[in-house]
Amino acid sequence: MNIHEYQAKALLHDFGVPISRGVAVLKAGDADAAAKQLSGPIWVVKSQIHAGGRGKGKFKEASAGDKGGVRIAKSVAEVDEFAKQMLGATLVTVQTGPHGKQVNRLYIEEGSDIDKEFYLSILVNRETSEVSFVVSTEGGVNIEEVAHATPEKIVSFSVDPATGIMAHHGRTVANALKLTGDLAKQAEKLTGQLYAAFIAKDMAMLEINPLVVTKQGQLRVLDAKVSFDSNALYRHPDVVALRDETEEDAKEIEASKYDLNYVALDGTIGCMVNGAGLAMATMDIIKLYGMEPANFLDVGGGASVEKVAAAFKIITADPNVKGILVNIFGGIMKCDVIAEGVVAAVKQVGLKVPLVVRLEGTNVEQGKKIIRESGLNVVPADNLDDAAQKIVKAVKGG
């Protein structure tokens with residue numbers, strides 16, 4: 001689960017992390033009052049969407065101007081003007097894709113007198129089962145570019161969960177950023193605060209880009225991106241309350257209600273599979289035969305008829321889907337349950353695109369019989385390769 005920048009900063013502020021004062025705005029008419037709450041004389045007007053690259057992004061609407069999704073305002077009147085242009089407009093960045101995201105919230109923040117910009121992130125290192133820091137003197141740019149062009153400027157280290165954060169970790173951060181004196185002490189303190197927030201809130205990633213040194217000699221978090229471990233959200237109702245469903249794919253939200261592992265993609269062939277590995281193999285073979293999957297969907301090993309029906313409805317709700325491939329290898333998941341779910345869903349929503357079904361494993365003959373006697377226009381397949389070729393051919397009009 002992701003949250004907006006202003007929400008991330010408020011959360012970090014509770015742990016003592018230094019941030020600039022700011023006010024979230026949902027209506028353009030509130031921008032004037034928000035700006036007047038802050039000291040000025042410089043304000044930063046930031047689009048709040050769940051995507052990076054906002055500053056270099058472009059709005060689709062000409063009326064929104066061409067200054068990107070993060071703008072510097074030198075008066076309250078200019079803050080008001082930018083808010084009217086940006087709210088409700090669609091911002092396209094390198095992370096949104098060409099369709100972009102509608103800006104429904106702004107964050108109006110006091111300007112900072114920046115001397116230096118750094119990069120700092122914390123994430124779970126799944127290879128070592130430890131929390132890792134990634135630090136670089138090259139802030140304000142994509143860390144991927146730094147890793148490619150100057151990897152020696154990136155310093156990373158892990159924190160042993162048995163000891164937790166210690167003083168030497170803070171000194172490592174300070175040394176990596178080439179900070180000395182009081183700034184080094186600030187870096188050491190900030191390292192502990194960020195780690196405490198990361199652990200306490202079960203974060204999956206905390207990215208600060210940039211972390212800045214102001215000309216007044218203060219470290220400050222200028223931007224923050226936070227994502228949480230969805231499996232731990234039951235422990236954090238305060239975090240769940242921050243969820244903005246307008247930033248999420250409606251199909252993924254619906255899938256989460258049925259505990260389905262679903263990710264929307266940009267292709268045209270909808271996939272329903274049991275098991276993440278088999279789902280990835282199914283997506284790969286669709287690509288091998290020249291087309292793109294419309295989704296990743298793992299119904300899991302213990303799916304019910306209702307869950308399968310819900311999964312099928314989610315797939316068919318995608319207007320980009322031109323064909324559907326059901327690929328089930330029944331172990332814990334029984335083929336007859338999948339078949340009953342597919343039949344139930346088709347009877348409710350209809351079938352307007354080609355459907356190829358490959359069943360193998362537990363109760364496979366019962367499953368095939370249910371499909372065969374349903375009267376549905378279903379193309380059976382003997383194996384995964386056969387199924388992929390048949391659905392690609394059907395979508396192409398063969």
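The values are calculated or read from the model by the stated rules, or taken from the named source; none is laboratory data. Here the structure is a predicted model, which is why all the values come from computation and not from measurement. Cβ atoms come from the backbone with ideal geometry, glycine included; neighbour counts cover every protein chain shown.
From the list 279, 241, which one is farther than 12 Å from residue 315 by Cβ, crowded, with 20+ Cβ neighbours inside 10 Å and within 22 Å of the chain's Cα centre (by Cα)?
279
Within the set of pairs 6+ apart or on separate chains, which have a first residue in segment 231-249 that is of a type in the set (A, V, I, L, M) and part of a loop (DSSP other than H, G, I, E, B), a second that is surrounded by 15 or more Cβ atoms within 10 Å (Cβ to Cβ) and modelled with pLDDT of 90 or more, and C-beta atoms under 7 Å apart?
Once the first residue is of a type in the set (A, V, I, L, M) and part of a loop (DSSP other than H, G, I, E, B) and sits in segment 231-249, its partners that are surrounded by 15 or more Cβ atoms within 10 Å (Cβ to Cβ) and modelled with pLDDT of 90 or more give 242/3; 242/7.
It is to be established whether one or more residues within segment 170-178 are surrounded by 14 or more Cβ atoms within 10 Å (Cβ to Cβ), modelled with pLDDT of 95 or more, outside any helix (DSSP H, G or I) and among the aliphatic types (A, V, I, L, M).
Checked segment 170-178: at least one residue is surrounded by 14 or more Cβ atoms within 10 Å (Cβ to Cβ), modelled with pLDDT of 95 or more, outside any helix (DSSP H, G or I) and among the aliphatic types (A, V, I, L, M).
Here's a check for you: in segment 344-365, which residue that is under 21 Å from residue 310 (Cα atoms) and modelled with pLDDT of 85 or more is surrounded by the most Cβ atoms within 10 Å (Cβ to Cβ)?
Of everything passing the filter in segment 344-365, 359 is surrounded by the most Cβ atoms within 10 Å (Cβ to Cβ).
Which one of the conditions (1) closer than 11 Å to residue 86 by Cα; (2) modelled with pLDDT under 90 does residue 40 fail to meet, given that it meets all the rest?
Status for residue 40: all satisfied but (1).
Go through segment 92-111 residue by residue and tally those that are crowded, with 18+ Cβ neighbours inside 10 Å, out of contact with any helix residue (DSSP H, G or I) (no Cβ under 7 Å at 6 or more places or on another chain) and either in a loop (DSSP other than H, G, I, E, B) or of a type in the set (Ser, Thr, Tyr) (or both).
So the answer is 4.
Residues that are more than 25 Å from residue 396 (Cβ to Cβ) and out of contact with any helix residue (DSSP H, G or I) (no Cβ under 6 Å at 6 or more places or on another chain): which strands (runs of 3 or more DSSP E) entirely in segment 258-320 hold 1 or more of them?
261-264
Select, from 146, 159, the only residue that is within 22 Å of residue 223 (Cα to Cα) and surrounded by 14 or more Cβ atoms within 10 Å (Cβ to Cβ).
Within the list 146, 159, the selection yields 146.
I need every pair where a residue in segment 296-320 that is within 11 Å of residue 342 (Cβ to Cβ) has its Cβ under 8 Å from the Cβ of a residue that is among the acidic types (Asp, Glu) and modelled with pLDDT of 90 or more, sequence separation at least 6 or different chains.
Short answer, once both residue conditions are applied: none.
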